[in-house]
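Comments concern the structure below.
The values are calculated or read from the model by the stated rules, or taken from the named source; none is laboratory data. Please read these numbers as outputs of a predicted model, since none were measured by experiment. Counting neighbours? That spans all protein chains shown, and the Cβs are built from the backbone with ideal geometry, glycine included. The protein model used for the area step is the full one, side chains on, heavy atoms only, and it has no ligands, DNA or RNA in it. Shrake-Rupley method; radii C 1.70, N 1.55, O 1.52, S 1.80 Å.
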Amino acid sequence: MKIAFFDAKPYDKPSFDKYGEMNGIVFKYFETKLTEDTVGLAEGFDGVCVFVNDTVNAAVIDRLCEMNVRVVALRCAGFNNVDMKYAFGRIHVLRVPAYSPYAVAEHALALLLTSVRRIHKAFIRTRDYNFSLAGMTGFDLHGKTVGVIGTGRIGRVFIDICRGFGMRVLAYDKFPAADLDNGDTIRYVSLDELFRDSDIISLHCPLTEETYHIIDEVSLEKCKRGVVLLNTSRGALVDAEALLTAIKSRKVGAACLDVYEEESEFFFEDYSGHILDDDTLARLISMPNVIVTSHQAFLTEEALANIAATTVDNLLSFFANGQCPNELCYRCSGAEDCKTGKCF
Ligand code: NAI
């Protein structure tokens, strides 16, 4: 089996080569992203393996079908970059639903601690033998209220970690989990209540039409003054312009962003010798109370191994049985009760 692997990075190859070789799958690595311009590279392959910023739109799907490419294997959980409605009935789409919720939740907490205890500032200061503490006052997480939007795999691990710090949790989910709300330290509330009462807000829901710009001018207005915003989920959950305005007006006390709406052009690449052609991102990065990491939350050894192992299992299962438990379709969109691939 031959798979065209798009947006390949050096850290992808060891684990994919290992699991591929063990199972007779040859991955051909392309550094370029999958787009309408690059889709021709998939000619002669059985499938494509793509990541978060590859484009799987109608035109790309049509071209893949013309070339008899049968499967799109996402090596990630989110699938907002795939036109699932168009893919339905045309090409099979597989994904890795979970590879390490700990990796993402721990990164969110790392960003939060870095921000509120000014570790990013201290690191630079002490390297310059500047041992002054001026401007370094942080705040305790203990006793603070954290609002968690999306209480799936990652959101729940994040909640566990926050509880370990002694934080009170206000949760919001379109499909609340039956066993999470304890009526005391963890409570499901309305979005408005979450915005109103949270000192920290962390986003762990998928990007959908409903959640697009869930953090915008209107919702930010409802928040506490000085709220800390964490986004390790998807960039377009946050209206970056509105965030910038709220930071300037001091409504938002700090923002920690692992994702950005227009990230596909910049993230994962080295632009250090260039003038950044995105004023909003450049302005956000220039703020002392904003920390940006470039979609790095997933990047742990454990997650990389799990991603490769599950992607290989998905491909083996699909090509052996024509079905895969991790297949997505337009109707179910990955819902828990519909992961059989039979609805394709
Ligand atoms: P999950 O599917 O286990 O949980 C998502 C939760 O969001 C579910 O409980 C679902 O009911 C809820 N939800 C769906 N629609 C909602 C809405 N309109 N409002 C509120 N909640 C809603 O997904 P998981 O594994 O926890 O991942 C969450 C997100 O994290 C992914 O969608 C992905 O975008 C992001 N992610 C980011 C990574 C990174 O490296 N920064 C890596 C992996 C995932």
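Observations, loosely collected:
- Subset of the stretch 121-133 that is under 24 Å from Val292 (Cβ atoms) and not hydroxyl-bearing (Ser, Thr, Tyr) - its residue that is least open to solvent (accessible area, probe 1.4 Å): Ala122
- Restricting attention to the stretch 228-272, the residues being closer than 21 Å to Phe6 by Cβ, in contact with a helix residue (DSSP H, G or I) (Cβ under 7 Å, 6 or more places away or on another chain) and hydroxyl-bearing (Ser, Thr, Tyr) number 1.
- Wholly within the stretch 1-86, strands (runs of 3 or more DSSP E) carrying at least 2 residues that are of a type outside the set (A, V, I, L, M, F, W, C) and more than 16 Å from the ligand (Cβ to nearest atom): 26-29
- In the condition set (1) on the phi < 0 side of the Ramachandran plot; (2) in contact (Cβ under 8 Å) with a residue 24 or more places away in the chain; (3) within 24 Å of the chain's Cα centre (by Cα), Ser190 is compliant with all but (2).
- When Asp12, Asp7, Asp54 are screened for being crowded, with 19+ Cβ neighbours inside 10 Å and at positive phi, only Asp7 passes.
- Cross-chain or 6+ apart pairs with Cβ under 8 Å, the stretch 292-314 first and farther than 23 Å from Glu263 by Cβ and outside the structural domain of Val238 (by TED's automatic domain parsing), then of a type in the set (Val, Ile, Thr) and more than 11 Å from the ligand (Cβ to nearest atom): Val312/Ile25
- Scope the stretch 190-214; condition within 15 Å of Val146 (Cβ to Cβ), more than 9 Å from the ligand (Cβ to nearest atom) and open to solvent by 20 Å² or more (accessible area, probe 1.4 Å); matching residues: Glu193, Arg196, Asp197, Asp199
- Residue within the stretch 143-166 that is within 9 Å of the ligand (Cβ to nearest atom), under 19 Å from Lys224 (Cα atoms), in the same structural domain as Asp199 (by TED's automatic domain parsing) and β-branched (Val, Ile, Thr) present: yes
- Wholly enclosed helices (runs of 4 or more DSSP H) of the stretch 97-169 bearing at least 3 residues out of contact with any Cys (no Cβ under 7 Å at 6 or more places or on another chain) and touching a residue at least 60 places away in the same chain (Cβ under 8 Å): 101-116
- Residue count, the stretch 240-268 (criterion: open to solvent by 20 Å² or more (accessible area, probe 1.4 Å) and within 16 Å of the ligand (Cβ to nearest atom)): 4
- The stretch 1-13, residues that are under 16 Å from Phe51 (Cβ atoms) and of a type outside the set (Ser, Thr, Tyr): Ile3, Ala4, Phe5, Phe6, Asp7, Ala8, Lys9, Pro10, Asp12, Lys13
- Qualifying positions in the stretch 88-116 - more than 15 Å from the chain's Cα centre (by Cα) and either open to solvent by 10 Å² or more (accessible area, probe 1.4 Å) or outside the structural domain of Leu203 (by TED's automatic domain parsing) (or both): Phe88, Gly89, Arg90, Ile91, His92, Val93, Leu94, Ala110, Leu113, Thr114
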